[in-house]
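**Student:** Dropping the structure in here first, questions after.
The values are calculated or read from the model by the stated rules, or taken from the named source; none is laboratory data. On a predicted model such as this, the values are computed, not experimentally measured, just so you know. As a convention, Cβ positions derive from the backbone with ideal geometry for all residues, glycine included, and neighbour counts pool all protein chains shown. These area figures cover heavy atoms from the full protein model, side chains too; ligands, DNA and RNA do not enter into them. Shrake-Rupley method; radii C 1.70, N 1.55, O 1.52, S 1.80 Å.
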Amino acid sequence: MSSRFRVAVDVGNSSIKIAYHPPGMTADASDLRVVRVSLTGADWQTQLADLTSAFPQSDNTVQWLLASVNSVGCDRLSGWIETHRAADRVRVIDRSDVGIETDVRMPQRVGIDRLLAAQSAFRLAGDRSAIVIDAGTTVTVDLVASPGVFRGGAILPGLGLQFRALHEATDKLPRLEPPDDLASLESPGRDTQAAMELGVASGIVGAIDRLVESFQSTCDVSQIFLTGGDAGRLSPAIRSPHRVVVDMPLRGLYGIELADSSSL
């Protein structure tokens with residue numbers, strides 16, 4: 001890994017997550033400091049300024065690696081770095097940097113976050129086939145097969161997105177936040193809120209379990225990983241044995257070895 005001070009940023013649809021090691025600490029990807037910032041909040045620039053105030057200031061010392069599924073957010077962050085951290089180096093990672101093969105019809109359209117999560121899952125599984133479930137704004141369920149080939153998967157709306165859609169697409173249904181305990185919801189739901197919670201949770205959890213079963217029928221899956229902002233909510237309700245790992249795409253990004261890192 002480069003000797004530069006490394007900052008990895010996962011630019012998502014609702015926020016960015018920034019991973020780094022405080023100056024003076026050993027750069028071990030298992031002990032990252034992770035900070036979440038909303039680029040739509042009024043104080044996002046202040047948050048970034050406070051966060052980066054302790055970063056090194058020398059030319060070419062700080063290396064930013066950005067993985068983005070949100071081009072507007074990525075441009076906003078890149079512009080801030082260019083203005084306020086002009087001596088730093090920035091690189092937006094693409095699929096060729098991830099180092100994972102793909103066996104899908106349109107590899108150029110696969111989100112970089114899915115590839116990073118799949119690569120992390122494959123490594124954590126000891127270079128064996130694995131399934132990774134990333135539960136955020138969307139829920140992705142993907143298969144990476146030995147010897148490290150991304151085979152594709154499924155994408156469905158996440159918990160918050162489904163509750164928002166029910167409210168915005170109807171006249172009477174209320175705007176709800178996802179419940180914390182999805183494993184013990186009232187069944188059947190005996191009022192509107194309970195019915196909405198049961199319907200959304202059952203749809204997502206049922207889809208995940210069905211997809212896992214389907215993928216397992218195609219190859220010998222050694223482990224199943226669950227990550228993302230809603231992993232804690234979903235984990236108790238998912239039947240398939242799995243391991244919760246925080247920030248898999250971000251940790252995969254931080255650990256990337258770039259063949260041409262000298263150009264950063």
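**Student:** Please work out the Kirkwood hydrodynamic radius for region 109-160, using every pair of different C-alpha atoms, and report it in angstroms with one decimal place.
**Tutor:** So the Kirkwood estimate lands at 10.9 Å.
**Student:** What is the sum of charges, Lys and Arg at +1 and Asp and Glu at -1, for the other residues whose Cβ falls under 13 Å from the Cβ of Lys17?
**Tutor:** -1
**Student:** Under 14 Å from a point placed 7 Å out from the Cα of Ser146 along the Cα-to-Cβ direction: which residues of region 215-235 have their backbone N that close?
**Tutor:** Residues 219-223 fall inside that zone.
**Student:** Please work out, to two decimal places, the log10 of the ratio I(q)/I(0) at q = 0.12, 0.13, 0.20, 0.23 Å⁻¹ from a Debye calculation in which every Cα of region 86-138 carries one identical scatterer.
**Tutor:** Result of the Debye calculation: -0.34, -0.40, -0.81, -0.98.
**Student:** If I take every Cα pair under 8 Å that is 6 or more residues apart in the chain, average their sequence separation and divide by the length, what percent do I get for the relative contact order?
**Tutor:** 20 percent
**Student:** Here is a further query. Can you sort Leu32, Leu124, Leu253 by solvent-accessible area, 1.4 Å probe, largest first?
**Tutor:** From most accessible down to least: Leu124, Leu32, Leu253.
**Student:** Order these peptides, 58-70, 104-116, 75-87, 127-139, by their mean beta-carbon neighbour count within 10 angstrom, highest first.
**Tutor:** Those peptides, ordered most packed to least, come out 127-139, 58-70, 104-116, 75-87.
**Student:** Give the share of C-alpha pairs in each 5 angstrom bin for region 1-127, from 0 to the last occupied bin, in whole percents, shortest bins first.
**Tutor:** For region 1-127, the binned pair fractions read 2, 9, 19, 23, 20, 15, 8, 4, 1 percent.
**Student:** As an exercise, find the ratio Rg/Rh for region 166-264 from alpha-carbon atoms, using the Kirkwood inverse-distance average for Rh.
**Tutor:** Ratio value, two decimals: 1.12.
**Student:** Which of rounded, prolate, oblate describes region 57-203, given a ≥ b ≥ c as roots of the alpha-carbon gyration tensor eigenvalues and a/c under 1.5 marking rounded, otherwise prolate only if a/b is larger than b/c?
**Tutor:** oblate
**Student:** Would you please name the GluC sites (Glu not before Pro) within region 194-264 that are DSSP coil residues with at most 12 other C-beta atoms within 10 Å of their C-beta?
**Tutor:** The qualifying sites are Glu257.
**Student:** Given a Förster distance of 41 Å, report the FRET efficiency between Glu101 and Arg190 from their Cβ-Cβ distance, rounded to the nearest 0.05.
**Tutor:** The formula returns an efficiency of 0.25 here.
**Student:** Give me the extension gain from Gln57 to Glu168: residue separation times 0.36 nm, minus the current Cα-Cα distance, reported in nm with one decimal.
**Tutor:** Once the chain is fully extended between Gln57 and Glu168, it gains 35.3 nm.
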